[in-house]
Each structure stands twice: as structure tokens, then as C-alpha cells.
Ligand code: FCB
């Protein structure tokens, strides 16, 4: 993706054809204080790391696992930047005990991982694959023994190919299949696994997987924006209901990629604001509103026509125990009258800090997102479920003395603490990620780990950021520099 001029973390939209947008104009960047009064996080604040199944597990044919959309996509020529696949990744399916040791060694409280749907239900539904389920039972047990709270994401983009063959998220039935799968997890693992995240960044999966064709399942069809968005929201609501019916003692949340959408500057900034508002509705509000308000934003109206049935919005709107916020960078947007959606990628202000992938570094965007949740969405309990930085220079050996990552984490945590002081109920922070892994369409060229991995031997070597995060988790005291 980075090579196509538009990077996921610096998202600017593109051919989001079906979406029209109104003249509402998005709220300007609120002025937020990024400096906390105290650098001491509360005692019970949870420190963790986050991972995802397809990016780490490897062992794609082990123990009866069925293929997912990413198994198919990664094999298509030209899809993955370095031509690699996730066949080994960090080998966490076999080396999970080493992961748990690393997490425990850093004194962390929590681990966010995802369950591969197609390990549990190889074709998406039907008979349960006990061997696949057992892997997650072992992982959960290993975490609990060390006093680490497991957080399992149910859907981190790896839809079973069996369901994609029946239409995937474009068809309504997939929403019910997600609920069935959620019920299986609740019933079979819920005695030990108490914290469940339904979806990871459904906006990314919808837009990059179905509209822009840059992620699995590789579809490039603007008409899919509405149905895929709605079926994911509907599935999420049904899955929450199914989990609550399975057990009464689960803590249930979902994770969103929340990005402030800012207009490109310059003489056309006023017009660009129309485009940034359009993207904001598609990227942020199309997920926040159905869950927290039971509505969709106006810009989605045309795209959703014929897909939302009576009663659906009562299902999408569910009480949650926490909202997971993933944040990397703001999006800059400009108006493009030639694009069907009129939305195109813009540029951050001149001089903005960026890494080699064009990702901007701007903690004020996180502060803006947290302010908005406080102000406009009833201030729900939050967890920062992902935040982190890749090695800034792209491919090459992993950088073990990763001062840039420490600074990135430190500056974003400053914004987190300031938001807490302003009243945001934030219960924890998960760094993305534990071990350098397979970064989707960027393959092994982009590294976000606190720990490096020698790909030939599998040997893991903690980076400077690992020791830094360990000290932070121990004391809860955020260093000043
Ligand atoms: C997020 C994804 C995660 C990883 C990080 C770098 O958007 O949820 O899987 O790719 O970005």
C-alpha cells in the first residue's frame, strides 16, 4: 500500500464512491492540553501489548485450521509488498509460551490477541474444531497462571474463506455467523476468558478490503461500502447479545480505528473541510454512531439504502463494557471533484513529523479522539487497545536501540494521561506490538515490535523499548523525557 501513494496509517480515502457528504462541516481540531498535571498513572491501570492471529501465528495448516481470506489474498501475485506470506510469522502458534514469558518478564497486566475464527470453525460455521479451540484454551491458561489478563479479539480481519465464498460481509447472513462463533467462544472458553473484543478496526477491513482492494478479500467495489459496514455493525450487535446470553460475567468491548479527519490546508482548506467531514462520517461515525447511538451519519444514507431493516439499529446499539481505541495518526483529506466520492488523500501541514511509510506522528490526534468520545458519545469506559510506531527507515535489520519508539509511546501516553485528568475513563494501554510480525500488505517490511525476531532462527531479542515499557508498567510513572 505504501507504494501506491496512500498509506493506511495516513489514510485519506480514495474511491469511496457510494458515499455522499453534506455541508455539516466537521468540528475543527479542539484545542487540547497534551501535558498531564501528574505523570503517575493509577495503580489499577492495565499495561499490555496487542497482537493479531494472522500476523503472528504461522502454522496455517495445523490442527485442522481452515483458510481465511488472508490465506487466499497473500498468495495472489503483487498483493504483498515483499512477496512474503504469513506461513511462519512470529511462529506464535508454537511459541506462545515464549510470548507469555516475554509479557510476564515485562511485568505486564494484560495481553490482547485475536482468535482465528477458522481455527475454531474451519469453514466459518458448523462443527467445532476442538483442536483449534484447545490452542486458545492453552494460551489463556498460560496467561492466567502468570496473572496476565487475556483480552481476545474475535475478528481481526481473517474471515474464514468458506464464508467469503458465500459472499462474506457483503451478505447479511455473515452477521449471524459471527454471533454463532461468538457464542461458541463464550460457551467453551468463557469460564476462563472473561474479556472479549468483538471487532478490530472494522473501518479498515471495510474500506481497504472491500472498496480500495488493498487488503483481503481484495475487492474494489464502492458499492460494498454500505452493506459491508452495516453487516459488520449488525454482526457486532448480534455477537454482543450472544455472548451476554452465553454468560453473565463477561467484559465485552469492541475496537475501532479512530482517526481525526483534518482538511488539507492551503487556499482550498474550506472546500477540503467538506471532504474531511465526509471521510469522518465514513471512517469514524459509521461505527461509533450505530453502536453508541443507534443511528448512522447522513453521509452513509445512500450507501445503506436497502440494507438496513426495521429493528436493525436496536441491535447495533448495545451496552458495552469498554470501547477499544486504536490510534496511530490523523488523516488529512482534500476535496477532489474527479473522485466519485469527492474525497482524496491530503497532506499533513508542512514540517509535520513522519516515518518512512509516510505515517505522521501527532499525539494531538489521540487527544482529539478522546475529547470527542467524552464530549459527543457519553464518555464510555475506554481502553487504548493499540498504539505504536514502526521502525522509521523501512526494511533493513531491526533497530534494537529504538529511541524513536520510546518517544512515540511516551508522547502518546502523555496525551492519554492528560485525557484521564480531563475526565476520560481510560483503564489501560496496549502497545502494538510484542514481537516484530507480518504487517499485512507490507509483509515483513514494517516492524512495530518491542521485541525483534531473527526470522531465520526465530530467536527473540528485546529492544530498548521493551525495557522502557517494563519500567513504566512497574512504576506507572511516565518519564518526562
Ligand atoms: C492496525 C491493525 C494491526 C496492525 C497495526 C500496525 O491498524 O489493527 O493489525 O496492522 O495497525
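Read the figures in this text as sums done on the coordinates, not as results from a lab. Note that this is a predicted model, so its numbers are computed, not measured. Note that we place each Cβ from the backbone using ideal geometry, even for glycine, and neighbour counts take in every protein chain shown.
Take the conditions (1) away from the ligand (no atom under 16 Å from the Cβ); (2) touching a helix residue (DSSP H, G or I) at 6+ places or on another chain (Cβ under 8 Å); residue 366 misses just one of them, which is (1). Determine whether residue 478 is in contact (Cβ under 8 Å) with a residue 12 or more places away in the chain and away from the ligand (no atom under 16 Å from the Cβ). Yes, satisfied. Yes or no: segment 283-299 includes at least one residue that is assigned to a loop (DSSP other than H, G, I, E, B), more than 16 Å from the ligand (Cβ to nearest atom) and buried (at least 22 other Cβ atoms within 10 Å of the Cβ). Yes, segment 283-299 contains at least one residue that is assigned to a loop (DSSP other than H, G, I, E, B), more than 16 Å from the ligand (Cβ to nearest atom) and buried (at least 22 other Cβ atoms within 10 Å of the Cβ).
Scanning segment 327-341 for residues that are touching a strand residue (DSSP E or B) at 6+ places or on another chain (Cβ under 8 Å) and surrounded by fewer than 22 Cβ atoms within 10 Å (Cβ to Cβ) turns up just one, 336. Considered as a group, the residues in segment 404-463 that are within 12 Å of the ligand (Cβ to nearest atom) and at positive phi include one that is nearest to the chain's Cα centre (by Cα), and that residue is 440. So for segment 304-313 (the condition being assigned to a helix (DSSP H, G or I) and either touching a residue at least 24 places away in the same chain (Cβ under 8 Å) or within 16 Å of the ligand (Cβ to nearest atom) (or both)), does at least one residue qualify? Yes.
Hey, could you check segment 47-67 for residues that are part of a loop (DSSP other than H, G, I, E, B) and within 16 Å of the ligand (Cβ to nearest atom) and say which is surrounded by the most Cβ atoms within 10 Å (Cβ to Cβ)?
Initially, segment 47-67 is screened for residues part of a loop (DSSP other than H, G, I, E, B), giving 51-52, 57-61, 65-67.
From what is left, the residues that are within 16 Å of the ligand (Cβ to nearest atom) are 51-52, 57-58.
Working: 51: 26, 52: 25, 57: 30, 58: 21.
Per the criteria, the residue is 57.
Against the test of being farther than 24 Å from residue 427 by Cβ and outside any helix (DSSP H, G or I), the options 158, 180 yield a single qualifying residue, 158. Number of residues in segment 202-261 that are more than 16 Å from the ligand (Cβ to nearest atom), without any contact (Cβ under 8 Å) to a residue 60 or more places away in the chain and in contact with a strand residue (DSSP E or B) (Cβ under 9 Å, 6 or more places away or on another chain) equals 1. Of everything in segment 318-338, what is more than 30 Å from residue 194 (Cα to Cα) and in contact (Cβ under 8 Å) with a residue 24 or more places away in the chain? Give them in sequence order. 329, 330, 331, 332, 333, 334, 335, 336, listed by residue number.
Of the residues contained in segment 419-436, one or more are found to be assigned to a helix (DSSP H, G or I), touching a strand residue (DSSP E or B) at 6+ places or on another chain (Cβ under 9 Å) and crowded, with 23+ Cβ neighbours inside 10 Å. Determine if segment 384-392 includes at least one residue that is within 16 Å of the ligand (Cβ to nearest atom), at negative phi and surrounded by fewer than 21 Cβ atoms within 10 Å (Cβ to Cβ). Taking every residue of segment 384-392 in turn, at least one turns out to be within 16 Å of the ligand (Cβ to nearest atom), at negative phi and surrounded by fewer than 21 Cβ atoms within 10 Å (Cβ to Cβ). Residues that are within 16 Å of the ligand (Cβ to nearest atom) and over 19 Å from residue 174 (Cα atoms) occur in segment 112-132; there is at least one.
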